[in-house]
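One structure is given here, and the rest of the page talks about it.
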Amino acid sequence: MNEAEKLAMDELKRRVEQHEKTIVQLLEIIAATNCRIAELSSNRSISS
């Protein structure tokens, strides 16, 4: 593997790692939103 290929691979690795972090953040947001929806639904059911 020459230097240019090594640099390209390092850049791809960095980008994939950044995408993984972004995906984790989005999943955390979705999970928090789902919990809040479940909480609101539960409270609504109790008060009905």
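Just so you know, all these numbers are worked out from the coordinates, no wet-lab data involved. Keep in mind it's a predicted model, so treat the numbers as computed, not measured. Here the Cβ positions follow ideal geometry from the backbone for every residue, glycine too, while neighbour counts run over all protein chains shown.
Descriptive notes on the structure:
- Count of residues meeting criterion [of a type in the set (D, E, K, R) and under 14 Å from the mean Cα position of the chain (by Cα)] in segment 1-25: 3
Conditions tested, residue by residue: (1) free of Cβ contacts under 8 Å to residues at least 60 places away in the same chain; (2) surrounded by 10 or more Cβ atoms within 10 Å (Cβ to Cβ); (3) not small (G, A, S); (4) not in a helix (DSSP H, G or I).
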residue	(1), (2), (3), (4)
L7	yes, yes, yes, no
R14	yes, yes, yes, no
A32	yes, yes, no, no
R36	yes, yes, yes, no
E39	yes, yes, yes, no
S45	yes, no, no, no
